[in-house]
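A short worksheet on the structure shown next.
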Amino acid sequence: MLLSFAYENASLCFLETTVKQIEDAFKEFTTREDIAIVLISQYVANMIRFLVDSYNKPVPAILEIPSKDHPYDPTQDSVLSRVKYLFSAESVASGRR
């Protein structure tokens with residue numbers, strides 16, 4: 001049974017891929033110095049949301065993308081939420097609203 005493909009710079013998830021395998025791949029890619037951007041479908045990111053939300057380093061950047069079967073939901077995107085927070089905090093600090 002095929003669980004997942006693992007390439008040097010990519011990992012593909014299938015229905016049979018376990019959450020543990022997704023967690024391990026995320027941890028590996030976010031600790032490698034030769035990776036600048038991690039592309040992850042929002043559907044898969046939701047499976048490991050606690051890891052994605054707790055990741056706070058600028059590099060590699062985490063980019064959540066829509067999948068073919070699951071539409072993108074901006075309310076669940078942790079990066080977008082952080083950006084909105086930063087801009088709202090900046091506008092409050094500068095007296096703009």
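Looking at (1) under 24 Å from Thr17 (Cβ atoms); (2) exposed (fewer than 11 other Cβ atoms within 10 Å of the Cβ), which is the one condition that is false for Pro58? Tallying (1) under 24 Å from Thr17 (Cβ atoms); (2) exposed (fewer than 11 other Cβ atoms within 10 Å of the Cβ), Pro58 fails exactly one: (1). Taken over the range 53-74, the residue count meeting the criterion of being within 22 Å of Glu8 (Cβ to Cβ) and in contact (Cβ under 8 Å) with a residue 24 or more places away in the chain is 7. Could you tell me whether Thr30 is polar (S, T, N, Q), surrounded by fewer than 10 Cβ atoms within 10 Å (Cβ to Cβ) and in a helix (DSSP H, G or I)? No; evaluated as a whole, the condition is false for this residue. With the structure loaded, tell me whether Arg97 is loosely packed, with under 14 Cβ neighbours inside 10 Å and either at pLDDT below 85 or among the aromatic types (Phe, Trp, Tyr) (or both) or whether it fails that test. Against the criterion (loosely packed, with under 14 Cβ neighbours inside 10 Å and either at pLDDT below 85 or among the aromatic types (Phe, Trp, Tyr) (or both)), Arg97 qualifies.
So that you can scan it fast, the table gives a plain yes or no per residue for (1) more than 12 Å from the chain's Cα centre (by Cα); (2) modelled with pLDDT of 75 or more:
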{"residue": "Phe5", "(1), (2)": "yes, no"}
{"residue": "Glu23", "(1), (2)": "no, yes"}
{"residue": "Glu28", "(1), (2)": "yes, yes"}
{"residue": "Pro66", "(1), (2)": "no, yes"}
{"residue": "Asp73", "(1), (2)": "yes, yes"}
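The values are calculated or read from the model by the stated rules, or taken from the named source; none is laboratory data. Values in this document were obtained by computation on a predicted structure and should not be read as measured data. Reconstructed Cβ throughout: ideal geometry from the backbone, glycine too, with neighbour counts over all protein chains shown.
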